[in-house]
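Since the structure comes first, as structure tokens, the remarks are kept for the end.
The values are calculated or read from the model by the stated rules, or taken from the named source; none is laboratory data. Remember, it's a predicted structure, so these values are computed and weren't measured experimentally. Because the Cβ atoms are built from the backbone with ideal geometry, glycine has one as well, and the counts that use them run over all protein chains shown. Each accessible area value is taken on the protein alone, full model and side chains, heavy atoms only, with ligands, DNA and RNA left out. Shrake-Rupley method; radii C 1.70, N 1.55, O 1.52, S 1.80 Å.
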Amino acid sequence: MADINDKEKAGDSKESLNFIEQIITDDLQEGKNDSRVHTRFPPEPNGYLHIGHAKSICLNFGLSNTFNGKCNLRFDDTNPVKEDTEYVDSIREDVKWLGFDWQDREFYASDYFEKLYQFAIKLIQKGKAYVCELNPEQIRDFRGTPTVPGTESPYRNRPVEENLDLFQRMRAGEFEDGKYLLRAKIDMASPNMHMRDPIVYRIRHTHHHRTGDNWCIYPMYDFAHGLSDYIEGITHSVCTLEFEVHRPLYDWFLDQVIDSDYRPRQIEFARLNLNYTIMSKRKLLKLVEEKYVSGWDDPRMPTISGLRRRGYTPASIRNFAERIGVAKRENLIDVSLLEFSIREDLNKNANRVMAVLDPVKLVITNYPEGQTETLEATINPEKPELGKREVPFGREVYIERDDFMEDPPKKFFRLAPGREVRLKYAYIIKCEEVIKDETGKITEIRCTYDPETKSGTGCTRKVKAALHWVEASTALDIEVRMFDRLFNVENPDTAEEGKDFTSNINPNSVKVLTHCKLEPTMKGAASDQGYQFERLGYFCIDSKDSKDDAMVFNRTVTLKDSWSKAKKK
RNA sequence: UGCCCGAUGGUGUAAUGGUAGCACGACAGAUUUUGAUUCUGUUUGCCAAGGUUCGAGUCCUUGUCGGGCAACCA
């Protein structure tokens, strides 16, 4: 009984921990690393950050927050052929935008090249590394396969002095690319492929975006990463599952250099997978390079910058990361969860505005010609303190073409011949007549209105629907871009035989609507926030493509729409 | 024929040997001047077989299924 009570109290005082928080809690309890918690987010600057990185960012910075620790931003820039400053700039911007602060702890693995070089010397001196002359094919052959042990390199027992000399000359630039390699001397028969004398340094006469031409030898990930963690005092090095088999190597390198009680620890978690979405940087790069999209920040891209341009908010992405949780099992998250997160945020925070995407003119025949009036509309029902906005109303308005049906099915609540609906914030109107052109297309709907039903005057008459509308003479003409999924299959990575993932691209993933109508209150509106186009969805101004008098809106996400479901049935 | 990791509703994620809970989805109802939101309710789950135990989602064994590992990438 007492046990149960204690447990309930504990449960009340803290939310349940994910497995990483549990590990850290245990480490803290054991007093490891002087009870410090220090994490890091370590991207390679070879592409833009995407929603999968957001999970890692939220995790690493979140961990440092909950344990009162620190989190570094570290660029893992050890392979100059793929890296560029454009990418480091975008990464810094995206992490900052997401709402995380690395303070003065912006580091680069390339800052440690000299230290890493000295570690390598130490390795050689201890007889734990050697200079190898095998070429790539030989390296592969000598490595064996997962089921067949490898064979030792003929250069494996080169004397320490010779290794030292050769390695120094590698650094000095005496040899061309590929001539020599520094390898760790571990175990060519290890069941773990990564322990079969892994490469530590390779020669690469390539300009590095930060160190320029100072170096012509570059360290490999396994060597550089763990030791960079060590140099920075990282306590918990959180990475994705595919590095799990690297952990013995991570620890091996540490064993060679550590001379204190402090030791960083690698912990792996399952990366984010989203259906209908491609997450591989290599593939995203292909989309950009081969112009399937307009750039890394194309609003259809799963990049942070793409989502931002699409109108996603930092909070919505953080909430999403929180909601999907962290574990070690493979997962496939439904994009609808991401969409839920942005709807949740925007519903609370986005100002309401009326717009008509596919306008058809509606004339109120008994409304005096030339007369206009100003109506009050709610800015945001979730935030009454924001008050009201004033929208003009007149004899001619635009309504959505979809909001009228000449021959409506049973479940259609909106306007139809002889039927009454309310124009939101205005009056109840009744459809009297439909005018069509010679092709049968409706060009004008003629209605009458009931002056006694003005909104806000205590009218109690109920109608089944309230339509959004925009007054014709004052309407702003805008362009709206509607985005659909970039890929129309759940798993875009799988493609038909002989084709690649690009064959899954949805050719209709962007639809541009011109001459949409927007209420005039939006003139000069801020581009850094989302708006709800009432009954249509959430939109944001594209500050990149909008000009002074030509506003372009991107659709962020639709509203949940039970009418479209009813239609299908 | 190797090594490492994992397996809880449709999708994710909790439980730390003691009542399988939460979120999203789905479904139903209420409210609604957005067919939105909000609110209420319902639904569906421990991979399998053994073992340990008073008691197993949790520990052990075996099996099954899934993922990862053979770049001079990270």
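What to note about this one:
- When peptides A:311-319, A:389-397, A:175-183 are sorted by average Cβ neighbour count within 10 Å, with the highest value leading, the order is A:311-319, A:389-397, A:175-183.
- What the phi angles of region A:108-113 give under the Karplus curve with 6.51, -1.76 and 1.60, with θ = phi - 60°, is a coupling list of 9, 4, 5, 5, 9, 3 Hz, glycine and proline written as x.
- Using R0 = 56 Å, the C-beta based FRET efficiency linking A:Leu241 and A:Glu452 works out to 0.25.
- For the listed residue pairs A:Lys454/A:Lys523; A:Lys424/A:Lys523; A:Lys410/A:Lys454, the alpha carbons are within 31 angstrom of each other in every case.
- With each label modelled as a point 7 angstrom along the Cα→C-beta vector, the A:Ala526-A:Phe413 pair spans 3.2 nm.
- Chain A - percent relative contact order, Cα under 8 Å, separation 6 or more: 11 percent
- Solvent exposure of chain A amounts to 48 Å² per residue of accessible area, where only protein heavy atoms count and the probe is 1.4 Å.
- Reachable lysines, given that their alpha-carbon falls under 23 Å from the alpha-carbon of A:Lys511 and they are not under 8 places away in the same chain: A:Lys286, A:Lys291, A:Lys361, A:Lys441, A:Lys544, A:Lys547, A:Lys560, A:Lys565, A:Lys567, A:Lys568
- Whole-number percent relative contact order across region A:457-555, with pairs defined as alpha carbons under 8 Å at least 6 apart: 32 percent
- Förster-model FRET efficiency, 25 Å R0, A:Leu386 and A:Leu559, C-beta, rounded to 0.05: 0.80
- Sorted peptide list for A:468-476, A:530-538, A:19-27, criterion being average Cβ within 10 angstrom, highest first: A:530-538, A:468-476, A:19-27
- Rh (Kirkwood; distinct C-alpha pairs) - region A:92-144, Å: 15.0 Å
- Per the Kirkwood formula applied to alpha carbons, region A:314-425 shows a radius of gyration over Rh ratio, Rg over Rh, of 1.14.
- Straightening the chain between A:Gln29 and A:Glu369 buys 114.5 nm, computed as 0.36 nm per residue apart minus the Cα-Cα spacing.
- Modelled spin labels at A:Ala465 and A:Asn135, positioned 7 Å past Cα toward Cβ, are 7.4 nm from each other.
- Overall dimensions of chain A by Cα: Rg and Dmax, Å: 31.1, 102
- Angle between chain A longest axis and helix A:314-324 axis [Cα atoms, degrees, rounded to 10]: 70 degrees
- Per-residue extension of 0.36 nm, minus the Cα-Cα distance of A:Gln103 and A:Glu396, leaves a gain of 99.9 nm for this segment.
- Percent of Cα-Cα distances greater than 13 Å, calculated over region A:444-493: 80 percent
- Remark: the A:Arg169-A:Asp251 segment gains 26.7 nm on full extension, using 0.36 nm per residue and subtracting the alpha carbon distance.
- Carbon + sulfur, % of accessible area of chain A - ligands and nucleic acids excluded, 1.4 Å: 46 percent
- Here the calculated FRET efficiency for A:Arg323 and A:Asp261, from their Cβ-Cβ distance with R0 = 45 Å, stands at 0.75, rounded to the nearest 0.05.
- In this rough spin-label picture, where each label sits 7 Å from Cα along the Cβ direction, the A:Ser190-A:Asp334 distance is 4.3 nm.
- Where a label projected 7 Å from the Cα of A:Val148 along Cα→Cβ would reach, residues of region A:192-229 with amide N under 16 Å: A:193
- Eligible lysines near A:Lys185 by straight Cα distance, threshold 17 Å, same-chain separation 8 or greater: A:Lys122, A:Lys126, A:Lys128
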